[in-house]
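Please treat every number below as a calculation from the coordinates, not as lab data. Small disclaimer: the values here were computed from a predicted structure and weren't measured. All Cβ positions, even for glycine, are placed from backbone atoms using ideal geometry, and neighbour counts span all protein chains on display.
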Amino acid sequence: MQFNHDKNPSGSPARSEADQPVTDGESPELDNLGQRIRELRTEKKLTLAALSLKSQISVGMLSHIERGQTSPSLKTLERLRLALEVPLARLFERDSPPPEEAGRVVRAHHRRKLQFDKIGLLKELLSPPGHSDLEVLMLSIEPGGGSGPEPWSRNGEKAGLVLAGRFDLTIGDQTYRLEEGDSFQFDSRVPHRFRNLSKQESRVLWIISSDEPG
């Protein structure tokens, strides 16, 4: 998958408007995320400069993310996981589960959560960490929230079930209004986006099957 990376006049990758500095003190979630990204980068034997080149994220931004000083956008996380060649879930691993549950079970209190305040979206990762081509998530979409202004595309398929509320799913040039109980499936190489235009929160079981590396 390719992204259109806007660049600033100096030629460095531009900072996403959704990448926000942390201004209200340290964030344990961001610290954990930054530490995990640093561990994965080290595991892959990548310098900050090498990861910057692969992800098209500036060295300065990567440094801020690794130190828990910046809240990365959804697009930035996607670039990072592609550059590191890992599923998104591996960026949010927590304490190891009991050996008999590892790779199979995720307890409710161990769910990894990704909160994107700027676009009104909470992602809860339901799949256990690993290298599976299948990822299962719970999306909570605030009124007016969604996937962001730009459409997404990636190799593979996406499917889901609306658990509560309703939301609009746009696939290519077609928009579908989906309500509680409705389900969907589509080729995720087709540009797509979603938005909750109602006055109530929407909750969606979201499934991703991808043949991309990681």
Review point. Out of the stretch 35-139, which trypsin sites (Lys or Arg not before Pro) are coil in DSSP terms and have no more than 16 other C-beta atoms within 10 Å?
Key: 44, 45, 67, 94, 104, 107, 111
Review point. How much net charge surrounds residue 168 when only the other residues with a Cβ under 12 Å from the Cβ of residue 168 are counted, with Lys and Arg +1 and Asp and Glu -1?
Key: +2
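I'm a student and want to see the number: the projected area of the Cα convex hull of the stretch 108-209, averaged over all directions, in nm². Walk me through the numbers on the way to the answer.
Details: hull surface 25.4 nm².
It is 6.3 nm².
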Review point. By counting other Cβ atoms within 10 Å of each Cβ, how are 186, 167 ranked from fewest to most?
Key: 186, 167
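Sort 136, 105 by Cβ crowding within 10 Å, fewest neighbours at the top.
Values: 136 19, 105 11.
Least crowded to most crowded, the residues run 105, 136.
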Review point. Which residues' amide hydrogens lie under 5 Å from the amide hydrogen of residue 152, considering only partners 5 or more residues apart or on another chain, with H built in the peptide plane?
Key: 192, 193
